[in-house]
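Okay, structure first, notes after.
The values are calculated or read from the model by the stated rules, or taken from the named source; none is laboratory data. All figures in this text were calculated on a predicted structure; none of them were measured in a lab. Here Cβ is always computed from backbone atoms with ideal geometry, including for glycine, and neighbour counts include all displayed protein chains.
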Amino acid sequence: MKLKHLQAIFIIIILFNLSCTSYKDVPYFQNATPDGVFIEKITNFSPLTAQPGDILAIHVTSLNHDLDAIINYNLDQVNSNTNSTISSSSPAAPNITLGENAVVGYLVDPLGDIHLPMVGEVKVADSSISNITTNIKLRLKEYMTDPNVEIRIQNFKISVLGDVKTPGYFNPQDEHITVLQALALAGDLNSTGIRTNVLLIREIDGIRQYIPLNLTSINTISSPYYYLKNNDIIYVRPNKARVENDGTAFQKASIVLAVLSIIVYLIKK
């Protein structure tokens, strides 16, 4: 009877060791001051800049509504099964037909340009949304009265992979998004995710960067990589316990149980 009890206890200990994660590896910002309020000025934020492949949603309002429609035509919802035509009585606004594959927004081409009706080619690569807005507004004043321009990156997205609750890609409305907010969208790290070496993959100006981030350090919030850019990828590595337990814990327990059963049998014999 005692051998059976020892056998059960031994199995429980093995299963516990296979599945446990040390508490010291889990909390964020372990070097943060525990008492009092700490205040610092935000100096690591840099505005998003347009890059080739971005799609800019540009919406214009002015006192010339017919001309507004020329710029805004492809922001209207288009039925993918039919062509849609926008007509205008203005000589400067020809009829526009939207096909099935119409791009909703203005695609930044490989040279970093977009092409606007009336205005023509506009260089936008490496320019902030604010600067692009000002530039387009100035150029539209040649054709419109008191134009107002609003611009967003239509295809802004970030991806979160690895040991998080809900991995996937996300289209945040706020282009001010941080690493922590992106992880929150993914349901946060699992307890087995390695917080000391989260990998940020960034492509900008034709260069790919692999950036390690330590979420257990408060210094990450001051990092120049804390604020995310379009198409950033965050990868959370699983710890060794997660990898070893992923579908194999019960297999190992079964083997241990079988070995112990043989030992018990031989002892009794």
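Restricted to the stretch 194-209, and to residues that are of a type outside the set (A, V, I, L, M) and out of contact with any strand residue (DSSP E or B) (no Cβ under 6 Å at 6 or more places or on another chain), which residue is surrounded by the most Cβ atoms within 10 Å (Cβ to Cβ)?
We begin by selecting, within the stretch 194-209, every residue of a type outside the set (A, V, I, L, M); these are 195-197, 202-203, 205-206, 208-209.
Narrowing the set further to residues that are out of contact with any strand residue (DSSP E or B) (no Cβ under 6 Å at 6 or more places or on another chain) leaves 195-196, 203, 205-206, 208.
On the way: Arg195: 23, Thr196: 14, Glu203: 15, Asp205: 10, Gly206: 8, Arg208: 8.
Checking each candidate, the answer is Arg195.
Go through the residues of the stretch 34-41 one by one and say whether even a single one is out of contact with any Ser or Thr (no Cβ under 6 Å at 6 or more places or on another chain) and at pLDDT 90 or above. Checked the stretch 34-41: at least one residue is out of contact with any Ser or Thr (no Cβ under 6 Å at 6 or more places or on another chain) and at pLDDT 90 or above. If the condition is being touching a Leu at 6+ places or on another chain (Cβ under 7 Å) and either part of a strand (DSSP E or B) or at pLDDT 95 or above (or both), then the stretch 92-107 contributes only Tyr106. For the stretch 131-194, the strands (runs of 3 or more DSSP E) that sit wholly inside it and include 1 or more residues that are of a type in the set (Phe, Trp, Tyr) are 168-170.
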